[in-house]
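To keep things clear, I will list the structure first and then write my remarks on it.
The values are calculated or read from the model by the stated rules, or taken from the named source; none is laboratory data. All figures in this text were calculated on a predicted structure; none of them were measured in a lab. Note: ideal-geometry Cβ built from the backbone for every residue, glycine included; neighbour counts use all protein chains shown. Protein only, heavy atoms only, side chains kept; ligands, DNA and RNA dropped before computing areas. Shrake-Rupley method; radii C 1.70, N 1.55, O 1.52, S 1.80 Å.
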Amino acid sequence: MITKIYRVKGTFVMGDEYHKFTKEYKATSEHNVEEKIYARFGSKHGINRNQISIKSIEEIAPEDVQDPIVKEIL
């Protein structure tokens, strides 16, 4: 399978506040990235899927990666 790099932008609710996020992941499809977001935010922050709002998922070139962990695995 061919993996691509995706940048995900959105917001999540924690308490009474909305927090913005931008994450980069290496995955095979946009659907896989979406599931990773829900799983990681759920386990890290203990929030439900309905508290996470994904605004955009875009494929990016390897040169545009900003996350040092994703850069390391390229």
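So for segment 12-33 (the condition being in contact with a helix residue (DSSP H, G or I) (Cβ under 7 Å, 6 or more places away or on another chain), open to solvent by less than 60 Å² (accessible area, probe 1.4 Å) and not in a strand (DSSP E or B)), does at least one residue qualify?
To start, the set of residues in segment 12-33 that are in contact with a helix residue (DSSP H, G or I) (Cβ under 7 Å, 6 or more places away or on another chain) comprises 12-14, 23-27.
Going one step further and asking which of them are open to solvent by less than 60 Å² (accessible area, probe 1.4 Å), we end up with 12-13, 24-25, 27.
So of that shortlist, the ones also not in a strand (DSSP E or B) come out as none.
The answer is no; no qualifying residue exists.
Just to check your reading of the model, which residue among Ile2, Ile73, Ile69, Ile54 is within 14 Å of the chain's Cα centre (by Cα), open to solvent by 40 Å² or more (accessible area, probe 1.4 Å) and modelled with pLDDT under 90?
Numbers: Ile2 fails: within 14 Å of the chain's Cα centre (by Cα); Ile73 fails: within 14 Å of the chain's Cα centre (by Cα); Ile54 fails: modelled with pLDDT under 90.
Being within 14 Å of the chain's Cα centre (by Cα), open to solvent by 40 Å² or more (accessible area, probe 1.4 Å) and modelled with pLDDT under 90 holds for just one of Ile2, Ile73, Ile69, Ile54, which is Ile69.
Regarding Gly15, is this residue in contact with a strand residue (DSSP E or B) (Cβ under 6 Å, 6 or more places away or on another chain) and among the small types (Gly, Ala, Ser)? Even if it seems obvious, please write down each step before you answer.
Values: in contact with a strand residue (DSSP E or B) (Cβ under 6 Å, 6 or more places away or on another chain): no; among the small types (Gly, Ala, Ser): yes.
So Gly15 fails the test.
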Close pairs (9 angstrom Cβ cut-off, 6 or more residues apart or separate chains): of a type in the set (Ser, Thr, Tyr) in segment 54-74, open to solvent by 40 Å² or more (accessible area, probe 1.4 Å) anywhere: Ser56/Lys9
Residues being among the acidic types (Asp, Glu) and either within 27 Å of Asp64 (Cα to Cα) or under 11 Å from the mean Cα position of the chain (by Cα) (or both) - total across segment 5-51: 4
Test: Gly42 is free of Cβ contacts under 8 Å to residues at least 12 places away in the same chain, open to solvent by less than 60 Å² (accessible area, probe 1.4 Å) and in contact with a strand residue (DSSP E or B) (Cβ under 9 Å, 6 or more places away or on another chain): yes
